[in-house]
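Taking it in order: structure first as structure tokens, then the write-up.
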Amino acid sequence: MKNLLKIFVCVIFVWGCSTPKYLSAPKDFKNHVKGLYLEYTTKKSHSREIAEIIEVKDKYIKLLPVKNEKIISIKQNDIKYAHVLVSLTSDNQKKLNTWAGLLNINSLVHGYFMVFSLPINLVSTYSTSIHARGAYRMKIPDDVKWHELHKFARFPQGIPELIDENLIK
Amino acid sequence: MIKFIRNTTAFLTILIFIGFIVYSCSKLYIKQDFRQTYGTYNDSIHQNSFENDFFKVHLKNGDVSVLNEWLLNDSKDSILGKGKLFDFNRNEIKDGSMALEINEVAIIETNQLEAIKSKDKERIAGLSLLTGVNLVLDAVCITNPKACFGSCPTFYTNNSLSIHDAKAEGFSSSISPALEATDMDALRTQTSGKEFHLTMKNEAFETHLLNELFLTAIPKKKTEYVFHDQRNKFYKSNHILPPKRATIDGTNILNKVLEIDDQEFFSKTDEHDLTKKEEIYLDFNGVSDNTQGLVINFRQTLLTTFLLYSGISFMGDEVGDYFAKIETNSSIKKRLSNPFKLLGKIKLYAWNNENRQWQFFDEIYETGPISKNLIISPISKISTKNGQLKIKIELTKGLWRIDYLGLTEIKEPTLVNHIYPSKIKTLNGFPAELEKIINDDEKYLASFPGNEYDFMFRLPDLMNQDEYEVFVTSKGYYLEWIRSNWLRNKNIQKLKKMLSNNKEVWASLAVEYKIIEDEMEDVFWNSRYTNIK
């Protein structure tokens with residue numbers, strides 16, 4: 001029983017903690033005034049990074065990584081893979097996750113039938129929860145070409161000359 | 001059960017990984033054209049941008065304004081609007097009416113929000129459906145917890161994880177100390193080994209108190225059968241005669257009762273009268289004039305557990321008081337058995353060819369819906385005609401599941417061994433002492449939900465026989481854990497009327513049971529073997 005409870009706690013924890021907070025819910029998208037986010041890997045680093053698009057030029061892109069507050073510049077040719085993350089696909093992600101979590105806990109009152117209801121609940125609610133956490137995306141270059149990318153930057157016109165890049169947060 | 005659940009951890013882990021795969025497949029791609037940008041206000045007007053919900057203006061200094069209402073001023077050099085203004089770090093610096101000079105505008109942005117609509121409707125529909133299924137199962141389990149949470153001590157002779165493989169249920173009717181009883185069950189197991197292991201599990205929300213436990217081992221030849229009757233007397237036989245005909249209300253049920261298997265005959269309760277009886281008629285051919293016995297393998301449906309738990313829930317928060325009264329007040333203790341008396345036992349009759357009447361020869365009863373009871377009822381005075389014997393079985397509709405019926409010539413065995421366990425091993429739970437269960441005394445082995453104990457018995461040498469047929473006898477009682485939701489159903493008047501066999505209350509119970517009968521039976525019994533294993 002302890003192991004079972006551990007699984008519950010882990011599953012609920014995973015659901016609860018992994019929300020991409022930088023993305024807007026669809027209902028809040030019109031109030032999103034920062035740039036959209038780029039999920040990318042480079043030829044030098046295979047790790048998948050996420051950063052806000054600050055400025056896009058013909059040869060390079062300036063990004064503000066979500067992990068730190070220092071702008072980096074990456075050449076277009078150095079990017080191996082890139083997706084633009086637009087927004088979440090759910091307006092009520094927390095509520096749906098709570099609902100899904102409660103359904104799984106509810107399996108505990110099913111006694112023997114928990115061996116059926118728990119996996120069914122778990123798969124269904126996990127799938128729902130994962131989808132709720134999912135994001136609308138654009139593949140580069142399939143869905144958005146490099147020259148179209150600038151309109152998703154914080155500064156679609158480019159970083160104004162008067163602004164010190166180091167002050168951008 | 002607990003071990004089984006533990007073993008499903010790996011299975012569940014796999015499911016979680018499947019979830020991650022689902023995650024990787026759950027990306028929703030859109031095209032870039034949901035966002036339009038315009039270099040000037042005129043461009044934006046030409047593209048009907050005023051039809052959009054909002055309008056985002058990027059200024060040359062890096063600020064951005066989100067406007068909900070906007071228009072060009074008369075001199076056409078400023079955009080007037082209501083909304084918010086943010087600095088280059090997107091801190092809000094103004095909220096309300098504002099005028100943005102056309103010359104300061106870098107880019108105007110509009111977005112088609114239809115492209116990024118919330119997908120919650122589909123998710124809510126899916127979760128609603130799943131919630132509905134869960135609620136049905138909740139209702140079944142709340143109405144009859146035993147359908148979901150098991151029953152009394154269950155005994156296993158192998159490492160089965162399925163409740164359906166339980167070989168016996170101990171003292172199912174003993175719901176309080178005053179109702180402590182001895183219960184013998186055939187384990188339907190033969191062994192020729194020197195040691196025999198029996199596992200006792202607590203698979204319910206109950207505290208089991210085991211006073212005494214022993215085996216009865218009857219040595220026999222491989223070709224022989226050994227049975228016991230309701231008085232715990234043993235009989236041997238060599239050959240079992242199947243019925244030639246088995247009918248109920250003119251319907252043939254022979255295929256249901258020919259083999260000890262998963263096929264059982266059972267009927268549904270009467271919707272107005274839970275005590276309504278029905279009769280099974282059996283015809284046997286080739287019956288000798290020697291003493292015969294009717295072999296029956298049977299168990300109960302979920303009706304008695306429904307009644308038991310209805311009764312307890314009617315006690316509400318006085319359940320403790322009532323159970324205390326059962327201990328001290330013999331009339332209350334007696335009244336508690338009224339519902340079970342009303343439902344009645346399975347009554348057995350043989351056709352007497354001499355006076356041409358049905359002649360009662362035995363009645364049998366065993367509480368519990370989980371493990372089947374294989375017993376024999378000796379027919380004291382046989383009355384055959386040309387080797388033909390007719391048997392009538394009278395039973396309450398919807399109360400019994402009959403798996404097997406057969407007739408056999410019986411003789412009493414010469415040797416009966418009673419064997420107490422030599423060792424006890426705790427598989428799950430608190431360490432237990434053997435001395436607590438080898439005598440009928442004041443000492444009890446207390447077993448809590450999830451506890452499992454393995455008892456090892458040393459069997460005597462088989463003299464000129466091939467194997468032992470093994471029976472288990474357990475003595476004790478159990479205490480049901482009261483669920484909080486039961487307290488809500490308190491209805492002392494209904495309880496009193498139920499125990500007084502009040503017709504109206506029994507009629508309402510019949511209706512209540514009818515509503516959940518199909519669902520409860522289906523959910524429980526369709527989960528057998530293939531699914532649960």
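Mind checking the full-extension length gain between B:LEU80 and B:ASP518? Use 0.36 nm per residue of separation minus the Cα-Cα distance, one decimal, nm.
150.8 nm
Taking each pair of different alpha-carbon atoms in the stretch B:199-241 once, compute 1/r for the pair, average those values, and report the inverse of that mean as the Kirkwood hydrodynamic radius in Å to one decimal.
13.7
Cβ neighbours within 10 Å, averaged per peptide: list B:401-414, B:244-257, B:218-231 in order, most packed at the top.
B:401-414, B:218-231, B:244-257
Which pairs break 22 Å Cα to Cα here: B:LYS221/B:LYS347; A:LYS30/B:LYS82; B:LYS220/B:LYS381; B:LYS341/B:LYS381?
On the way: B:LYS221/B:LYS347 32 Å; A:LYS30/B:LYS82 14 Å; B:LYS220/B:LYS381 26 Å; B:LYS341/B:LYS381 27 Å.
Long pairs (Cα-Cα over 22 Å): B:LYS221/B:LYS347; B:LYS220/B:LYS381; B:LYS341/B:LYS381.
How about the stretch B:258-320: which GluC sites (Glu not before Pro) there are in a DSSP loop, with at most 13 other Cβ atoms within 10 Å of their Cβ?
Passing sites in the stretch B:258-320 are B:GLU259.
What percentage of the solvent-accessible surface of the stretch B:193-351, computed with a 1.4 Å probe over protein heavy atoms, is contributed by carbon and sulfur atoms?
Of the solvent-accessible surface of the stretch B:193-351, carbon and sulfur hold 50 percent.
Within 10 Å of each Cβ of B:78-85, how many other protein chain Cβ atoms are there on average?
On the way: counts 0, 0, 0, 0, 0, 2, 2, 1.
Mean partner-chain Cβ count within 10 Å for B:78-85: 1.
Listed here are the pairs B:LYS201/B:LYS277; A:LYS34/B:LYS121; B:LYS233/B:LYS436; which of them are more than 32 Å apart at the Cα? If you can, show how the numbers build up before the last one.
Working: B:LYS201/B:LYS277 35 Å; A:LYS34/B:LYS121 28 Å; B:LYS233/B:LYS436 26 Å.
Pairs exceeding 32 Å: B:LYS201/B:LYS277.
Measuring from centroid to centroid over Cα atoms, what is the spacing of the stretch B:92-138 and the stretch A:30-72 in Å?
23
As a test question: what accessible area, to the nearest 10 Å², does A:HIS46 have when a 1.4 Å probe is rolled over all protein chains in place?
Solvent-accessible area, nearest 10 Å²: 130 Å².
As an exercise, find the ratio Rg/Rh for the stretch B:221-364 from alpha-carbon atoms, using the Kirkwood inverse-distance average for Rh.
1.04
For the stretch A:49-113, please report how many Lys pairs fall under 13 Å Cα to Cα, leaving out neighbours fewer than 8 apart on the same chain.
Lysine pair count for the stretch A:49-113: 4.
Compute the FRET efficiency between A:LYS70 and B:GLU69 as 1/(1 + (r/R0)^6), taking r as their Cβ-Cβ distance and R0 = 35 Å, and round to the nearest 0.05.
Given R0 = 35 Å and the Cβ-Cβ separation, E is 0.35.
Using 7 Å Cα-to-Cβ label points, what is the B:ASN353/A:THR42 separation (nm, one decimal)?
It works out to 10.3 nm between the two label points.
Taking R0 as 25 Å, what FRET efficiency do you get between A:LYS57 and B:ASN103 from their Cβ-Cβ distance, rounded to the nearest 0.05?
0.55
To the nearest 100 Å², how much accessible surface do chains A and B hide from each other in total, with a 1.4 Å probe?
On the way: alone 11120 and 27490 Å², together 32260 Å².
Roughly 6300 Å².
Under a straight-distance cross-link criterion of Cα-Cα below 12 Å, which aspartates and glutamates are reachable from B:LYS256, leaving out those fewer than 8 residues away in the same chain?
B:GLU264, B:ASP403
Stretched out fully, how many nm does the piece from B:GLU435 to B:LYS117 gain, at 0.36 nm a residue minus the Cα gap? Don't skip to the answer; put the middle values down first.
Details: separation 318, 0.36 × 318 = 114.48 nm, distance 7.02 nm.
This chain segment gains 107.5 nm when fully extended.
Which distance in nm do the two modelled labels at B:LEU179 and B:PHE360 give, with both placed 7 Å along the Cα-to-Cβ direction?
If labels sit at B:LEU179 and B:PHE360, their model points lie 2.4 nm apart.
Quick check of the Kirkwood formula: for the stretch B:174-285, what is the inverse mean of 1/r over all pairs of different Cα atoms, in Å? Before the final figure, lay out each step's value.
On the way: mean 1/r = 0.0539 Å⁻¹.
Radius from the Kirkwood sum: 18.6 Å.
Mind checking which aspartates and glutamates have their C-alpha under 12 Å from A:LYS145, skipping anything on the same chain fewer than 8 residues away?
Filter leaves A:ASP58, B:ASP33.
Can you tell me the length gained on complete extension of the stretch B:LYS276 to B:TYR420, counting 0.36 nm per residue apart and subtracting the Cα distance? Numbers along the way, then the final one.
On the way: separation 144, 0.36 × 144 = 51.84 nm, distance 4.22 nm.
That works out to 47.6 nm of additional length.
Using only C-alpha positions, report the orientation-averaged shadow area of the convex hull of the stretch B:145-525, nm², one decimal.
Numbers: hull surface 77.7 nm².
Across all orientations, the stretch B:145-525 yields a mean hull projection of 19.4 nm².
Using alpha-carbon positions, what is the distance between the centroids of the stretch B:368-402 and the stretch B:194-272, in Å?
After rounding, the separation between the Cα centres reads 12 Å.
Among the trypsin sites (Lys or Arg not before Pro) in the stretch B:62-105, which ones are in a DSSP loop with at most 16 other Cβ atoms within 10 Å of the Cβ? Mind listing them?
B:LYS76
Using the structure shown, select from B:LYS390/B:LYS475; B:LYS167/B:LYS392; B:LYS84/B:LYS119 the pairs with a Cα to Cα distance greater than 32 angstrom. Could the numbers behind the result be given before it?
Numbers: B:LYS390/B:LYS475 37 Å; B:LYS167/B:LYS392 28 Å; B:LYS84/B:LYS119 28 Å.
Violating the 32 Å limit, Cα to Cα: B:LYS390/B:LYS475.
Once you list every other residue whose beta carbon is under 11 Å from the beta carbon of B:LYS503, what net charge do they have if Lys and Arg are +1 and Asp and Glu are -1?
Residues close to B:LYS503 contribute a combined charge of -1.
Under a point-charge model restricted to the Cβ atoms of Lys and Arg (+1) and Asp and Glu (-1), what is the dipole moment magnitude of the stretch B:145-525 relative to its Cα centre, in debye to the nearest 20?
That gives the stretch B:145-525 a dipole magnitude of about 840 debye.
Largest first, what is the accessible-area ranking of B:THR367, B:THR328 with a 1.4 Å probe?
Listed by decreasing accessible area, they come as B:THR328, B:THR367.
Dividing the Cα radius of gyration by the Kirkwood radius, what Rg/Rh value follows for the stretch A:22-70?
Ratio of gyration radius to Kirkwood radius: 1.01.
The values are calculated or read from the model by the stated rules, or taken from the named source; none is laboratory data. What you are looking at is a predicted structure, and each value in this text was computed from that prediction instead of being measured. Every residue, glycine as well, gets a Cβ built from its backbone with ideal geometry; the counts of neighbours run over all protein chains shown. For the accessible areas, the whole protein counts, side chains as well, though only heavy atoms, and no ligand, DNA or RNA atoms are used. Shrake-Rupley method; radii C 1.70, N 1.55, O 1.52, S 1.80 Å.
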